[in-house]
1. How would B:Trp423, A:Trp105, A:Trp130 line up from fewest to most surrounding beta-carbon atoms within 10 angstrom?
2. Highest first, please rank the peptides B:5-17, A:291-303, A:85-97 by the mean number of other Cβ atoms sitting within 10 Å of their residues.
3. What nm distance separates the two modelled labels at A:His28 and A:Glu116, each placed 7 Å from Cα along Cα→Cβ?
4. What pairs in A:Lys64/A:Lys236; A:Lys252/A:Lys313; A:Lys183/B:Lys401; A:Lys21/A:Lys100 have C-alpha atoms more than 28 Å from each other?
5. To the nearest 20 debye, what is the magnitude of the charge dipole of region B:314-468 about its Cα centre, counting +1 on the Cβ of each Lys and Arg and -1 on the Cβ of each Asp and Glu?
6. If you take each beta carbon of peptide B:207-213 and count the beta carbons of other chains within 10 angstrom, what is the mean?
7. Would you mind computing the Rg to Rh ratio of chain B from its alpha-carbon coordinates, Kirkwood style for Rh?
8. Normalise the Debye intensity by I(0) for region A:250-349, one equal point scatterer per Cα, no solvent, then take log10 at q = 0.10 Å⁻¹ and round to two decimals.
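All of the numbers you see were taken from the coordinates with simple rules; none came from a lab. In this text, all values refer to a predicted model and were calculated from it rather than measured experimentally. Positions of Cβ are generated from backbone atoms using ideal geometry, with glycine treated the same way; all protein chains shown enter the neighbour counts.
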Amino acid sequence: MIAKLFGHLCIIGVIFFVIGKIDFSILHSGTVLHESTHEVLFFKMESDQEGYVWTNGMSRRSNKVHISSIGTRQKDQQLSCDKVRILATGSSSTFGSGLKDEEVWSSLLNRKFISEGVDAEVFNSANPGWGPYHWFNFVELNSVKFNPDVILIPLSFGDFTFYPMTIDDGERAAWVDRDAAKKKLLNFDNFISYSLRKTMYLLQSLKQKYQRTHVDEGLPLSEAVSRFEQHFDNQKNYLLSLVKLAENNRFKLVFFVRNADATKSGGALLSNLIELSNAYENVFVFQIHPQEFRPELQGDEIKTYYNENLIIKNDGHPNELYSALMAERLFAGLSPIVESIENPKNLCQ
Amino acid sequence: MLFNTFEFFVFFGVVYLLYRMLPRRPQNYMLLIASYFFYGCWDWRFLSLIIVSTCVDYYCGIKIHESKDDKAKKKFVTLSIIVNLGILGFFKYFNFFSESFTDLLSVFNYAPSWFELNVILPVGISFYTFQTMTYSIDIYRKQLKPTRHFFDFALFVSFFPQLVAGPIERASSLLPQILNPRKISHQQSKEGAWLVFWGLFKKVFIADNLAILVDRGYANYATLSAPEIIIVVVAFSFQIYCDFSGYTDIARGISKLLGFELRLNFNLPYFARNPSDFWRRWHISLSTWLRDYLYIPLGGNRKGELRTYCNLMATMVLGGLWHGAAWNFVVWGFYQGSLLCAHRYFSRFLPNKSNIFWVTISILCMYIFACYGWLIFRADSLSQITILTKNLASNWTVESKILLSDGGELLMYVWPIVVFQIWQYFKNNLLFIFDFPVYVRDVIIAIIVYLIFVYGASESQGFIYFQF
């Protein structure tokens with residue numbers, strides 16, 4: 001009886017694998033976007049590829065995205081001249097996880113720059129999972145390649161909670177080796193890669209579900225300001241390094257706080273960044289706040305509105321409506337900064 | 001604790017193991033504790049309502065049976081009905097009626113605040129109160145004898161697989177299964193496992209994925225063109241069917257695994273040829289309840305043509321209101337009542353043909369009528385119904401890009417259920433899967449596992465009928 005059942009399970013497993021191979025290799029080739037293991041950045045989308053970026057839940061519903069040959073999230077984007085060059089970096093929300101290429105805030109903003117006759121272009125080089133450590137290192141490594149006039153970082157309080165704060169410098173080399181081995185395995189086969197990632201995701205979300213009450217002490221991070229401040233302090237030095245880098249390389253640094261749900265931690269992040277901008281004249285800060293687009297909403301109404309209208313269901317990333325609001329707000333905030341730059345660095349010769 | 005969560009499968013695993021180890025009587029005690037735990041996981045405070053309903057009906061059942069004169073019998077059956085409908089009325093309809101009354105008073109510039117209580121709706125209240133009432137009423141009608149085993153009766157009221165969203169069982173069918181020894185056959189276990197699996201697939205792959213398309217459509221309802229509305233409404237017709245019948249399949253499946261047989265609640269409803277056929281196939285346990293405990297006591301079709309139409313209308317409007325305390329459900333009930341009346345009136349003029357062409361046309365027409373009903377059912381307000389209907393009649397702008405993308409999304413999720421149901425219809429067998437050779441079954445199972453794993457909705461959503 002048990003042997004028979006085991007036999008059936010094996011047959012089902014084999015058929016499952018064959019269907020997966022057909023689906024991922026023939027019907028949807030290039031399904032998984034590969035990441036390279038970089039010794040400083042750890043992980044980074046490879047240039048010039050197309051595929052799905054797996055959003056929360058790793059459902060196949062996630063949209064297919066294109067990475068340009070310069071590593072930005074816009075199909076066929078090339079470095080242009082005679083325009084103010086805005087290099088954007090950030091996490092998955094800045095990357096536009098779950099959105100179609102044309103719905104991402106950076107695409108909308110570039111279209112708006114063209115239609116309004118503003119000589120500027122955004123290069124969205126965000127990467128899902130990135131935090132302050134990555135932003136600083138990415139800009140440092142790419143400041144020659146992009147030679148930007150402006151560095152734009154759309155961010156939120158959640159970007160300060162993740163990796164690599166848990167890895168000590170001494171362990172980093174070993175971690176990179178382990179990660180390289182993992183990537184080798186994950187990049188070996190599209191379908192196996194997907195299955196492994198999804199299984200890991202399912203196990204991880206199950207673990208998180210039961211850990212949450214112990215870790216969060218009943219209060220979500222969005223409201224637990226002291227806990228957020230702790231995370232911020234842990235990673236503040238990367239932001240300060242970024243400011244110094246901006247000073248040395250003569251580019252303006254713009255922080256854009258995505259605080260559309262008006263959380264307390266979002267507010268705390270904004271005040272910390274305002275302190276920075278007051279101390280350094282090349283640093284600018286602005287935010288997207290619900291009062292700007294729904295002034296009639298108050299308190300919990302804002303959170304309800306945000307959850308129902310501004311995020312992708314089952315996912316938590318900004319949806320196309322939020323993305324459009326970001327583009328509008330960024331256009332209003334960036335235009336004066338762009339106009340203040342009399343001579344863009346990258347002139348056509 | 002939702003059926004489509006990890007917690008439920010752990011819970012059921014433990015219950016199943018204990019169940020298989022225990023003899024019948026302790027099995028019932030264990031199932032009762034498990035059922036109360038299952039319900040208490042949602043909100044333990046509302047367990048008290050189930051216990052009140054259980055005690056009242058247990059007492060009334062015995063008293064009705066023991067009473068010699070009809071007056072006393074009537075007194076106890078009335079007590080049972082008042083308590084159950086009182087619980088249901090207060091917890092489900094107080095907010096609705098108080099808000100409607102306040103709205104009415106506001107017309108006269110009077111806005112009293114003493115009507116606002118903000119009552120929480122307990123999960124499954126419409127199901128277990130209806131189920132419990134059948135016990136007292138059936139004893140009163142001398143169709144059933146009361147049980148003397150209080151805990152067995154308590155299990156009948158709170159049996160966890162069908163406690164929160166049905167099927168609404170009759171005491172005459174479920175109680176004997178609780179009282180008598182049960183045997184779990186190999187075939188029953190196989191069918192049970194398949195129903196759980198199939199129900200899960202309908203919920204996770206079809207209903208939860210279509211929910212995204214439907215929610216998006218209804219969030220932007222004012223801007224939708226007629227073709228877009230059609231796609232959204234067709235998507236909702238499959239969403240609600242797969243959500244509710246998926247739940248029922250899981251409920252019936254886990255009951256089978258425990259050796260119980262619950263009644264069939266859906267029998268290919270979108271193959272109905274007319275409105276009365278639809279109600280013989282959709283939510284069968286509710287429609288037969290309404291027929292036996294409302295329509296027939298009102299006089300059914302025995303008191304003349306006009307009275308029959310009134311009875312049909314009253315039954316369906318109350319049936320609509322049973323679904324939810326909102327005006328769109330009243331309108332939906334009225335719409336369904338009108339369909340039944342219209343069918344009753346016009347069917348005498350229509351030919352009764354059974355050739356494939358006529359049957360196909362009838363099925364398609366009925367599906368269109370059902371879909372318009374779902375447009376009303378899913379709406380959040382009466383103005384939404386008006387705008388959608390207006391756009392449906394006038395705005396036939398075709399944006400091929402949106403249509404292709406939404407239509408493609410719809411087709412991607414509904415094709416398995418369409419293929420399966422056509423097969424079930426022509427084979428006239430809902431469990432036709434067991435007619436296939438074992439290797440074909442393995443292929444079907446592998447495809448379903450694949451679709452759930454790769455394309456299934458990532459986060460478990462609540463079942464639509466939980467709110468009723």
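1. On the way: B:Trp423 13, A:Trp105 29, A:Trp130 26.
Taking fewest neighbouring Cβ atoms as first place, the list is B:Trp423, A:Trp130, A:Trp105.
2. Working: B:5-17: 14.3, A:291-303: 12.5, A:85-97: 25.8.
Averaged packing, sorted descending, gives the order A:85-97, B:5-17, A:291-303.
3. Output for this residue pair reads 3.6 nm.
4. Working: A:Lys64/A:Lys236 34 Å; A:Lys252/A:Lys313 35 Å; A:Lys183/B:Lys401 37 Å; A:Lys21/A:Lys100 25 Å.
Too far apart for the 28 Å limit: A:Lys64/A:Lys236; A:Lys252/A:Lys313; A:Lys183/B:Lys401.
5. Details: 8 positive and 7 negative charges, 128 e Å.
It works out to roughly 620 debye.
6. Working: counts 0, 3, 4, 0, 2, 6, 0.
Mean partner shielding for this stretch: 2.
7. Values: Rg = 23.1 Å, Rh = 23.9 Å.
With Rh from the inverse mean 1/r over Cα pairs, Rg/Rh is 0.97.
8. -0.35
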